[in-house]
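Enquirer: Submitted below is the structure of interest, expressed as structure tokens.
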Amino acid sequence: MTPDDLLSALRAQRLLAIVRGADPSAALDTVLTLVRSGIGLVEVSLTGTGALDVIERARAALGPDALLGAGTVLTAGDARRAAEAGAGFAVTPGATEAVAACRESGLPVLAGALTPTEVAAVVAGGAAAVKLFPAGLGGVPHLRALRAPFPEVPFVPVGGIDADTARGYLAAGAVAVGVGGPLVGDAADGAGADGAGGLAQRELAERAARFRALAVRESR
């Protein structure tokens, strides 16, 4: 995947699902359920338990063309390990050393920034798009304010976004939104394929369908 490929995927999908779980098996099930439910762009946060193994197993299950990335990439080591596990792109929470390291590892990067100085830094560092984080801190007005001096920068707000607020960000010019808890819930913390874990996955599929209908389709 190239930086242009990642940007094209963000523009086409309009939604980046963020999976962060305490149970690797449930996290893997969550990734697969999201993709089967039509959420085609998925980030697995490295802060989740066994995240690299989840990425590796998801890549094996979904194939080489799946839009699967690693999130919360903080260091050069994180970038290298994510690439080795099969991540196709990387997401950073801020303007860290990982932005350059991801590019060196062949991973296009969605780089975190909040202020104009940080936006300028990650764009100069080769980010394919800017993760506006934490988006909930300033809301849609903050996105609009940043887009005034950076009208050509592709922004992806992340943090505190649900189906209702997603529409506002997309209408304000975001190329996509990143959503974790309001979409994934506790599905990545379940007990596996049966019992509570199975119920969580069924509920996830329902939320994914509603989220796409409310937040994505209505924004096009």
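The values are calculated or read from the model by the stated rules, or taken from the named source; none is laboratory data. These figures come from a predicted structure and were not determined experimentally. Virtual Cβ from ideal backbone geometry, glycine too; neighbours counted across all protein chains shown.
Enquirer: Residues being modelled with pLDDT of 95 or more and in a helix (DSSP H, G or I): count how many of those fall in the stretch 138-168. Give the derivation first.
Expert: Within the stretch 138-168, the subset modelled with pLDDT of 95 or more is 138-159.
This time we only want the ones that are in a helix (DSSP H, G or I), so: 139-147.
The qualifying residues number 9.
Enquirer: Would you be able to tell me the number of residues in the stretch 1-42 that are of a type in the set (D, E, K, R), in contact with a helix residue (DSSP H, G or I) (Cβ under 6 Å, 6 or more places away or on another chain) and within 30 Å of Glu152 (Cβ to Cβ)? Spell out how you get there, then give the answer.
Expert: Step one: list which residues in the stretch 1-42 are of a type in the set (D, E, K, R), which gives 4-5, 11, 14, 20, 23, 29, 36.
Adding the requirement that they be in contact with a helix residue (DSSP H, G or I) (Cβ under 6 Å, 6 or more places away or on another chain) leaves 14, 23, 29.
Checking which are within 30 Å of Glu152 (Cβ to Cβ) leaves us with 14.
Residues that pass the stated criteria total 1.
Enquirer: Quick check on the stretch 17-27. Is at least one of its residues assigned to a helix (DSSP H, G or I) and buried (at least 21 other Cβ atoms within 10 Å of the Cβ)?
Expert: So in the stretch 17-27, the residues assigned to a helix (DSSP H, G or I) come out as 24-27.
Still in the list and also buried (at least 21 other Cβ atoms within 10 Å of the Cβ): 26-27.
Yes: the stretch 17-27 contains one or more residues that are assigned to a helix (DSSP H, G or I) and buried (at least 21 other Cβ atoms within 10 Å of the Cβ).
Enquirer: Filtering the stretch 94-110 down to residues that are touching a Ser or Thr at 6+ places or on another chain (Cβ under 8 Å) and within 12 Å of Val130 (Cβ to Cβ), which residue is surrounded by the most Cβ atoms within 10 Å (Cβ to Cβ)? Working first, answer last.
Expert: As a first pass, look at the stretch 94-110 and keep what is touching a Ser or Thr at 6+ places or on another chain (Cβ under 8 Å): 96-99, 101-102, 108-110.
Applying the additional criterion that residues be within 12 Å of Val130 (Cβ to Cβ) yields 99, 109-110.
Values: Val99: 24, Val109: 28, Leu110: 32.
Out of the qualifying residues, it is Leu110.
Enquirer: Between residues in the stretch 183-199 that are more than 12 Å from Val31 (Cα to Cα) and residues that are modelled with pLDDT under 50, which pairs lie under 9 Å by C-beta distance while being six or more apart or on different chains?
Expert: Matching pairs, first to second residue: Gly198/Gly192.
Enquirer: Can you tell me which of Ala87, Ala76, Ala83, Ala61 is surrounded by fewer than 24 Cβ atoms within 10 Å (Cβ to Cβ), small (Gly, Ala, Ser), touching a Gly at 6+ places or on another chain (Cβ under 8 Å) and without any contact (Cβ under 8 Å) to a residue 60 or more places away in the chain?
Expert: On the way: Ala87 fails: surrounded by fewer than 24 Cβ atoms within 10 Å (Cβ to Cβ); Ala76 fails: touching a Gly at 6+ places or on another chain (Cβ under 8 Å); Ala61 fails: touching a Gly at 6+ places or on another chain (Cβ under 8 Å).
Only one candidate qualifies: Ala83.
Enquirer: Let me ask you something else. For the stretch 172-202, give me the residue count where each residue is acidic (Asp, Glu) and either at pLDDT 90 or above or outside any helix (DSSP H, G or I) (or both).
Expert: We begin by selecting, within the stretch 172-202, every residue acidic (Asp, Glu); these are 186, 189, 194.
Within this subset, residues satisfying the condition of being either at pLDDT 90 or above or outside any helix (DSSP H, G or I) (or both) are 186, 194.
Matching residues across the stretch 172-202 total 2.
Enquirer: Restricting attention to the stretch 6-26, report how many residues are at pLDDT 95 or above, under 15 Å from the mean Cα position of the chain (by Cα) and over 20 Å from Phe133 (Cβ atoms).
Expert: 1
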